[in-house]
1. Provide the FRET efficiency to the nearest 0.05 for the SER377-GLN187 pair, computing r from the beta carbons and using R0 = 51 Å.
2. Per the Cauchy relation, a quarter of the hull surface: what is the mean projected area of the convex hull of the alpha carbons in region 306-368, in nm²?
3. Which whole number of Å³ per residue matches the convex hull of the alpha-carbon atoms in region 103-153?
4. At HIS448 and ALA414, where each label point lies 7 Å from the Cα along Cα→Cβ, what is the point-to-point distance in nanometres?
5. Give the span of region 392-450's Cα atoms along each principal axis, as three whole-Å numbers ordered largest to smallest.
6. How many nm is it between the label spots at ASP147 and ASN329, if each spot is 7 Å from the Cα in line with the beta carbon?
7. What does the convex hull of the Cα atoms of region 184-280 come to per residue, in Å³, rounded to a whole number?
8. State whether region 268-374 is rounded, prolate or oblate according to the following rule on the C-alpha gyration tensor (a ≥ b ≥ c being the square roots of its eigenvalues): a/c under 1.5 gives rounded; otherwise a/b larger than b/c gives prolate, and the remaining case gives oblate.
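Derivation of every value follows stated rules applied to the coordinates shown; laboratory data play no part. Remember, predicted model here, so these are calculated numbers, not experimental data. Because the Cβ atoms are built from the backbone with ideal geometry, glycine has one as well, and the counts that use them run over all protein chains shown.
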Amino acid sequence: MYKIQRGFRGPAMAAGFLLVITVVAGLAEADVVSALGGGGGFQRVLTLERAFPVEERVELEAVKARDRARHSRMLQSYPGGIVDFSVGGTSDPYAVGLYYTKVRLGSPPREFNVQIDTGSDILWVTCSSCNDCPLNSGLGIPLNFFDAATSSTVSPISCSDSICASIVQIASAECSNEGNLCNYSFQYGDGSGTSGFYMSDILYFDSILGTSLITNSSAPIVFGCTTSLFGDLTKSDRAVDGIFGFGQQGLSVISQLSSRGITPKVFSHCLRGEGSGGGILVLGEILDPRIVYTPLVPSQPHYNLYLQSIAVNGQVLPIDQAVFTTSGNQGTIVDSGTTLAYLVEGAYDPLVAAITAAVSTSVKPIISKGNQCYLISASVGEMFPTVAFNFAGGASMVLRPIDYLVRMGFVDGAATWCIGFVKVQNQGTTILGDLVLKDKIFVYDLAHQRIGWADYDCTSSVNVSITSGKDEYVNAGQLSVSRSSSTSVLFKLMHDTYNNYLVLHLLVLIGFLFL
């Protein structure tokens with residue numbers, strides 16, 4: 001037994017004791033018994049050392065600095081810490097029509113609201129030199145600009161940098177003699193686009209290490225500094241500070257962090273569809289026994305899946321399998337950056353016909369602005385059929401009526417609901433956007449090249465794996481809630497059995513402050 005006795009050193013502030021105890025947590029049970037019992041006292045010696053000299057006055061800032069340095073070392077050595085981000089926005093195309101999160105970049109860190117986009121790879125934010133970027137947002141969020149001149153840790157990526165050379169090889173960068181900067185210019189599926197140059201700076205985030213430690217962490221990343229926008233990105237009604245690409249290419253943030261062992265090679269989201277929206281976004285694996293997985297189509301730039309059939313009320317529709325084939329611009333992708341959903345003509349027409357036939361006796365079908373709509377006097381959930389998208393591996397994505405219908409307003413007192421799928425030509429791409437993705441857990445397991453999902457109430461807490469296995473996890477009560485500091489989020493330990501041979505560092509800070 002150790003006895004700690006208070007001591008006084010006159011009227012000045014007394015320096016506290018900082019005891020560092022290192023315990024090997026992977027010892028077998030018999031080793032622990034022999035170490036602590038058996039009548040022979042301690043058979044192993046725990047060495048205690050002072051972090052600060054006993055006679056030296058210790059300032060609180062010095063202790064904080066030491067802790068920050070230690071947390072940084074722990075982050076680098078821990079195999080896959082969990083990183084969580086807040087989520088705002090909704091899937092409602094007549095409200096927000098997108099989901100966004102906050103990132104902190106630069107030194108000192110500056111906060112940016114960026115759209116969550118699994119259909120692209122690059123994280124970019126608007127820079128102070130952008131002339132045509134929106135100054136205000138109809139979303140009611142402040143717009144900020146990254147100013148390289150105010151960050152002490154920023155580093156532009158030059159054309160001679162090896163990073164630029166690797167980016168150029170995947171056609172997302174170009175170099176010119178002007179300024180010797182590694183430039184980019186790319187266009188999104190809706191015709192909008194952005195151009196600018198690449199930079200490296202510090203990304204700050206909240207990381208969960210082990211089952212209860214939440215630490216403010218950081219890591220250098222390469223991102224885009226946008227100097228020009230075009231298309232819908234110039235409009236202020238849904239303006240954000242940038243786009244957070246969650247693709248699987250090497251320049252995405254998830255790829256940059258996982259390649260250095262800072263996070264696991266998996267991320268998850270749960271986007272709330274009802275009410276004020278929001279949800280959960282973590283660099284880590286959300287666990288739920290109901291999640292079903294389907295393999296990713298290999299060697300594709302997007303999250304392509306093997307869609308095999310579509311069923312209405314359990315009846316498989318007569319759709320030519322060729323329209324689901326992945327080749328060139330054809331295939332089925334998951335894209336959180338798309339508000340609605342897009343379905344190739346060969347699948348769209350049979351689907352709409354089957355839905356209309358199922359409700360023709362209880363609703364009035366109409367065509368409004370080229371869209372198939374319905375006048376409804378009762379709840380859509382009671383009148384419309386379920387739709388199932390069936391994927392390889394036996395994984396089915398079952399859609400409720402509100403997952404494929406969009407409310408458009410009222411006509412003569414009756415609610416107007418329209419099919420939320422947009423018809424595209426057969427050689428086009430089927431895109432599962434937020435309309436379909438909402439109210440579900442989605443897990444993008446890049447390490448195993450698969451995607452999983454399960455219906456879920458995204459206002460509830462989620463279990464997130466903290467190891468490569470499934471024997472440890474934390475229950476995170478609303479990981480996505482906005483907060484001023486990481487300590488305001490409650491993480492409840494659900495399982496504390498340690499099977500890993502981890503070194504558990506117990507820091508005991510006992511300070512006695514006297515005047």
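1. On the way: r = 44 Å, r/R0 = 0.86.
For SER377 and GLN187, the calculated efficiency is 0.70.
2. Working: hull surface 22.8 nm².
In nm², the orientation-averaged hull projection of region 306-368 is 5.7.
3. On the way: hull volume 5.2 nm³, N = 51.
Residue-normalised Cα hull volume stands at 101 Å³.
4. 4.8
5. 53, 29, 18
6. Placing both labels 7 Å beyond Cα along the Cβ direction yields 4.2 nm.
7. Working: hull volume 14.3 nm³, N = 97.
Hull volume normalised by residue count: 147 Å³.
8. Values: a/c = 1.88, a/b = 1.31, b/c = 1.43.
Because a/c hits 1.5 or more and a/b fails to exceed b/c, region 268-374 counts as oblate.
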